[in-house]
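Structure first, then comments.
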Amino acid sequence: AYQRALKIFRQEAAPDIFADIHHNLAILYAEMPAEQKKRGIWAGISATSFQEALNYYTKENFPYQYGMICNNFGNALMKFPAAIHSDNYEKALFYYQEALADRTANVPYERSITLLNFLEASWNVSNAQETFNEDRYKDMLTKAEEIQTLVEDADMLAEAQKHLALLKELKETVSR
């Protein structure tokens with residue numbers, strides 16, 4: 001249905017609807033169940049649709065939508081099959097950072113969602129060096145603590161606590 005809608009809502013005539021359709025398609029393609037071979041194809045199509053949406057919903061003109069799309073793109077990247085020449089988790093962190101630039105404390109729930117997504121990706125991103133990444137640790141700690149100041153949602157607070165406990169455990173392990 002979305003593909004048919006793109007034939008009606010052309011980019012030139014209805015750029016906002018065109019971008020919205022691509023955003024929805026991108027999410028669908030990222031979630032599409034498929035065998036391993038096809039997952040890479042769906043990931044590529046999903047990434048292209050996210051880029052189409054971001055071409056219209058720019059940070060300068062539509063900061064709220066830009067943040068939402070970047071957050072969803074980060075989520076999609078975490079589900080994509082492993083890339084050969086890049087780290088999907090590292091890319092996800094980039095998009096979460098982009099989202100966080102616009103998802104300020106003025107939208108605490110959205111910011112907390114993105115902070116939690118960022119934390120999840122941070123646990124999975126590869127470390128180029130074999131040593132403890134103190135900067136990443138501090139960044140994660142700050143983000144987990146920030147969630148506690150933003151929302152009162154029990155599930156989100158529990159998730160933040162889980163990350164704080166894991167960070168504490170990591171620091172204790174490294175300190176030995």
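The values are calculated or read from the model by the stated rules, or taken from the named source; none is laboratory data. Note that the structure is a prediction, hence the values are computed from the model and not measured. Cβ atoms come from the backbone with ideal geometry, glycine included; neighbour counts cover every protein chain shown. Please note that ligands, DNA and RNA were not included when accessible areas were found on the heavy atoms of the full protein model with its side chains. Shrake-Rupley method; radii C 1.70, N 1.55, O 1.52, S 1.80 Å.
Assorted remarks:
- Report note on the peptides 93-106, 138-151, 29-42, 67-80: ranked by the mean count of other C-beta atoms within 10 Å, highest first, their order is 67-80, 93-106, 138-151, 29-42.
- Count Lys and Arg as plus one, Asp and Glu as minus one, and take only other residues whose Cβ is under 14 Å from that of Glu169; the net charge is then +3.
- Element breakdown for the chain at a 1.4 angstrom probe: carbon and sulfur atoms account for 53% of the accessible area.
- Charged-residue dipole, Cβ positions (Lys, Arg, Asp, Glu), the stretch 34-92 about Cα centre, Debye nearest 20: 200 debye
- Solvent-accessible area per residue, Å², over the stretch 22-61 with all protein chains present [probe radius 1.4 Å]: 58 Å²
- Straight-distance crosslink candidates among lysines, where the alpha carbon sits under 24 Å from Lys162 and sequence neighbours closer than 8 are dropped: Lys79, Lys91, Lys138, Lys143, Lys171
- Here the dipole of the stretch 1-117 is about 360 debye; that uses its Cα centre as origin and unit charges on the Cβ of Lys and Arg (positive) and Asp and Glu (negative).
- Each Lys and Arg adds +1 at its Cβ and each Asp and Glu adds -1 at its Cβ; summed about the Cα centre, the stretch 130-176 shows a dipole of about 240 debye.
- Rolling a 1.4 Å probe over the heavy atoms of the protein chains gives the stretch 106-176 an accessible area of 60 Å² per residue.
- Summarising the label geometry, the points placed 7 Å from Cα in the beta-carbon direction at Ala158 and Lys79 lie 2.3 nm from one another.
- Once the Cα-Cα distance is subtracted from the 0.36 nm per residue extended length, the Thr173 to Glu35 segment shows a gain of 45.9 nm.
- Over the chain, dividing the summed -39,500 (n - 2.57) contributions of all DSSP H runs of at least 4 residues by the number of residues returns a 222 nm mean residue ellipticity of -25000 deg cm²/dmol.
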